[in-house]
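Here is the structure we will look at.
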Amino acid sequence: MTLEHDAIWTALPIPAFLLDAEDKIAAINPAAEIFVNSTIKALRDTPVFDRLAVAAPLDDAFARVRANHAALFINDVDVSAGTKAPVECNIQIAPMNDAAGHVLLLVSPREIAGRLGRSHSVKSAAKSAIGMAEMLAHEIKNPLAGITGAAQLLSMNLSNGDLEMTDLIVAESRRIVKLLDQVEQFGNLRPPACKAVNIHDLLDRARKSAMVGFAANMRIEEDYDPSLPPTWADGDQLIQVFINLIRNAAQAAGPAGGTITLHTFYDLSLRLRHPDGSGGAVPLQVEIIDDGPGLAPEIAADIFEPFVSGRENGTGLGLALVSKIISDHGGWIAVDSVPGRTVFRLSLPVAPKLEED
């Protein structure tokens with residue numbers, strides 16, 4: 001490859017494999033190294049099917065591409081590498097006309113496109129909820145204060161038997177006020193006060209807060225990449241995100257408890273394209289993993305939408321607020337859930353390097 005081709009090959013955001021005439025690996029790009037968790041030095045001349053398991057007849061596909069000298073597309077197939085769980089991908093196979101028998105195999109995880117679409121749709125839904133939140137807070141809180149005050153006045157002249165009813169009115173009114181307080185958070189349009197922050201310091205503060213409170217019955221394990229650079233974020237808002245996700249994991253486990261894993265790593269394959277056409281890398285990955293029962297299939301695709309909840313009496317606002325905060329930081333959030341393993345994954349940008357004087 002020429003220097004220009006090398007730059008393009010390295011910059012490809014999806015896993016790419018160059019295969020020789022015997023379907024052995026001749027070259028892979030950095031995104032592919034991450035996908036298979038190995039290096040080209042270790043994989044060169046290795047049969048590709050020793051490292052990739054694809055739920056499609058690729059032998060026939062390779063033969064057709066070589067015979068017809070035309071590209072072939074295969075959509076929605078499961079691909080796994082090593083011990084990783086299968087990922088739904090789109091596959092593209094193209095002949096290399098300047099190298100006899102060689103083919104280029106591109107593996108595009110559907111998660112990347114899906115997360116991008118969900119990021120924009122969830123941000124729009126959260127913006128719509130802002131106007132509703134302000135209206136609800138204004139129109140409902142004031143009457144509730146009157147109802148609560150009236151019930152307390154009535155209770156002063158009631159028998160013990162009737163006090164139960166006024167106590168119920170006061171308790172339920174206060175519960176609704178707490179709900180409205182949570183809804184009102186959507187009306188906070190203050191942009192994040194970003195600066196360079198250490199992800200692990202924020203996770204540690206969230207973990208300590210959780211361990212002395214709502215996650216006291218859980219075991220929280222840390223699986224960190226200590227080499228991660230700082231991210232560009234509002235530390236207080238990110239702590240709010242981490243606490244919310246850890247709380248969800250603890251509530252999913254129930255009184256019996258379970259294990260929550262905080263995992264960080266670096267992934268160069270993910271980039272965010274903004275509505276104005278600009279793009280930015282979001283390589284810092286934070287995963288909050290629990291071993292609870294998982295999300296119900298009917299809500300998993302919409303879990304970040306306002307008022308979608310998997311818990312009885314849940315408001316469905318916590319994850320929508322989390323999504324709004326991450327979106328405001330120029331990041332992505334996604335979830336992958338099966339019984340026994342639910343993973344909330346945050347993708348965040350690296351802090352810019354400040355020029356020295």
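Derivation of every value follows stated rules applied to the coordinates shown; laboratory data play no part. Here the structure is a predicted model, which is why all the values come from computation and not from measurement. Cβ atoms come from the backbone with ideal geometry, glycine included; neighbour counts cover every protein chain shown.
Side notes on the structure shown:
- Interchain or long-range residues, amide H under 5 Å from HIS102's placed H: MET96
- Pairs over the 22 Å Cα-Cα cut-off, from the set LYS178/LYS324; LYS324/LYS353; LYS195/LYS324: LYS324/LYS353.
- As a rough guide to protection, the peptides 251-260, 85-94, 328-337 ranked by mean Cβ packing within 10 Å, highest first, stand as 328-337, 85-94, 251-260.
- Mean projected area (nm²) of the alpha-carbon convex hull when the stretch 3-110 is viewed from all directions: 6.4 nm²
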